[in-house]
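Read the structure below first, then the notes.
The values are calculated or read from the model by the stated rules, or taken from the named source; none is laboratory data. Note that the coordinates shown come from a computational prediction; the quantities given were computed from them, not determined experimentally. Here Cβ is always computed from backbone atoms with ideal geometry, including for glycine, and neighbour counts include all displayed protein chains.
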Amino acid sequence: MAITLEKGQRIDLTKGKTGLTNILVGLGWDPVSQGGGFLGKLFGGGGGADVDCDASVLMLKNDKFTENKDLIYFGNLKSKCGSIEHTGDNLTGEGDGDDEQVLVNLSKVPGNVNKLVFVVNIYDALRRNQHFGMIQNAYIRIVDRSNNQELVKYNLKDDYAGKTSLIVGELYRHENEWKFAALGNGTNDAKLADITRNYI
């Protein structure tokens, strides 16, 4: 049974789990239901563009983002080292289950990469006047790909109204093990490039 984390909690992911190397990181969200009529129009419902959330991974070296090739997103689906693969873009967030998935082979992550930061931002948020108050049921989960067992899940419960990006969680090295931290921090970064600048 998966361990459910709250914001700010950390868990040792690999300790005691010999052979845990291939994991799936699933990220999910749903658009807030916005009906028609007066209230729907007042709050932006009825005919607006879908909120297109994009999941990405920043590969950090000594907690710093140093090269564009270390950003895995819909425009660069696989890391050069082959340790991380994004399975593709979901444009609407509709439907059950993960909206976007990232496959990680922990044994292939280069030794000089100490942290993998998982972020979600809204594509073209400013022009579309969209924010994470229009999204609900956001989560991140980690699955052992060898047996499809869900190991960890973190449901983001904060009010993210007005925020255009989320720093969801991070996998990081601690001695010879990998740990996961549930972050859930909302930011006003408008684009993915703005997010990466925070780690330079």
- Only listed residue being loosely packed, with under 14 Cβ neighbours inside 10 Å, within 23 Å of residue 199 (Cα to Cα) and either modelled with pLDDT of 95 or more or out of contact with any Lys or Arg (no Cβ under 6 Å at 6 or more places or on another chain) (or both), chosen from 37, 75, 95, 88: 75
- Item | Top-ranked residue in region 2-28 [being at pLDDT below 95 and on the phi > 0 side of the Ramachandran plot; ranked as surrounded by the fewest Cβ atoms within 10 Å (Cβ to Cβ)] | 16
- Number of the exception - residue 128 against (1) modelled with pLDDT of 95 or more; (2) among the basic types (Lys, Arg); (3) within 19 Å of residue 29 (Cβ to Cβ); (4) touching a Gly at 6+ places or on another chain (Cβ under 8 Å): (1)
